Amino acid sequence: MLAILAALPLRGQAAAPPAAPGPAAPGPERVVVGVYVTQIYDLDPTGGSFTASFWLWTRHRGGDIRPLDTIHILGAKKVESEPTITMVKAGQVWDQKFFRAVIPYSWELREYPFDEHNFVIRFEEGAFDSRTITYVADRGQSGIDPEALGSRWNLGSFRFDTELRRSPTTYGDPTLLKPESFSANGVVTVYAERRQTVIFFKLLIGAYVALLLALLSYRIKTDQPTLFSARLGLLVGSLFATVVNLRSTEAVLGRTPDFTLVDKIHITISVYIFVAAVSALISRHLCERDRVALSRRVDNISLIVTAAILLAMNVVMISNAVISK
């Protein structure tokens, strides 16, 4: 067995040119490979990763290679696996192995919670190059469990492809002059959309309640200092509630350099509360000049105009997030 393995070229190892013409060398072992994803979980925007559990299987002719024992999950932060199960059926070696891997992922959350994602798992042959092993995708049997992402996600599509991956290195082989080698690769792509209705309501309920309180502040008269103070106090409390609600969403999503939809709505509400405070100051200024009736008209007009603008802005922001999916 050791002699046979020693005769197989490793990744990056060039085959020595024949001294004289002879019979054609046998081609690489065509390994049928398939994958079934059982779960995608521990979705971690803060840590920039997700965890996937999946079965890999291979079928090939000979017993001189063990593709699942030399496979490598590309870029994984952590990989755990069960022992390989090997059987011989219909003249083929059939191997199966279960993996759990923490996969790095760059989360795009600007449209959260109306976001969609492509979760990608890549693996490659880690010992032998393409002159020894190539992959053939078992697309007919590959797939994903319908409940792999749980009830908060809609699975859109599953795709499994195989390819040859070029590496600009000889992996230290001193006999190669050209820094290049090829290895068999498999790429799993799972497209999913978040089910957003309940999550959206939970994330923004505090901010929208604060907004309603800010709207009610327009109904507080400012002709008396105590009422004016109460109106400003209500606005300050609304602003505080908005900021606290924003912080709670950051605990769920993590801090990102981009403005998410949730961020934009919170900022819009905060600006509206500031405008309501300015309107209260104008109303109080008019009352101090004995123009109470004009003060009430300004409050009523400000309430209608600012509420209409804020409603329109919310509709536009949410519609853009939904349409951009």
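Scanning the range 244-266 for residues that are loosely packed, with under 14 Cβ neighbours inside 10 Å and β-branched (Val, Ile, Thr) turns up just one, 244. Within the range 277-302, being touching a residue at least 60 places away in the same chain (Cβ under 8 Å), in contact with a Leu (Cβ under 8 Å, 6 or more places away or on another chain) and surrounded by fewer than 18 Cβ atoms within 10 Å (Cβ to Cβ) holds for one residue alone: 292.
All conditions but one from (1) part of a loop (DSSP other than H, G, I, E, B); (2) within 28 Å of residue 118 (Cα to Cα); (3) of a type in the set (A, V, I, L, M) apply to residue 136; the one that does not is (1).
Do we find a residue being of a type in the set (A, V, I, L, M, F, W, C), at pLDDT 90 or above and over 20 Å from residue 301 (Cβ atoms) anywhere in the range 249-266? Checked against the condition, which is being of a type in the set (A, V, I, L, M, F, W, C), at pLDDT 90 or above and over 20 Å from residue 301 (Cβ atoms), the range 249-266 yields at least one hit.
For residue 136, the test of being out of contact with any Gly (no Cβ under 6 Å at 6 or more places or on another chain), closer than 30 Å to residue 239 by Cα and not basic (Lys, Arg) is failed. Within the range 86-112, residues that are over 28 Å from residue 253 (Cβ atoms) and touching a residue at least 24 places away in the same chain (Cβ under 8 Å) reach partners that are of a type in the set (S, T, N, Q) and buried (at least 20 other Cβ atoms within 10 Å of the Cβ) with beta carbons closer than 6 Å, at six or more positions or on different chains, in the pairs 95/58. Kindly provide the set of residues from the range 53-94 that are under 32 Å from the mean Cα position of the chain (by Cα), among the aliphatic types (A, V, I, L, M) and in a loop (DSSP other than H, G, I, E, B), ordered by number. The answer is 74, 76. Looking only at residues of the range 179-194 that are surrounded by fewer than 16 Cβ atoms within 10 Å (Cβ to Cβ) and of a type outside the set (S, T, N, Q), we find that the one that is modelled with the highest pLDDT is 191.
If I filter the range 290-325 down to residues being over 44 Å from the mean Cα position of the chain (by Cα) and among the polar types (S, T, N, Q), which single residue comes out as farthest from residue 114 (Cα to Cα)? The selected residue is 295. Quick check on the range 150-158. Is at least one of its residues touching a Pro at 6+ places or on another chain (Cβ under 9 Å), modelled with pLDDT of 90 or more and either in a loop (DSSP other than H, G, I, E, B) or farther than 19 Å from residue 194 by Cα (or both)? Within the range 150-158, not a single residue is touching a Pro at 6+ places or on another chain (Cβ under 9 Å), modelled with pLDDT of 90 or more and either in a loop (DSSP other than H, G, I, E, B) or farther than 19 Å from residue 194 by Cα (or both).
The values are calculated or read from the model by the stated rules, or taken from the named source; none is laboratory data. Worth saying up front: this structure is predicted, and the values here are computed from it rather than measured. Note: ideal-geometry Cβ built from the backbone for every residue, glycine included; neighbour counts use all protein chains shown.
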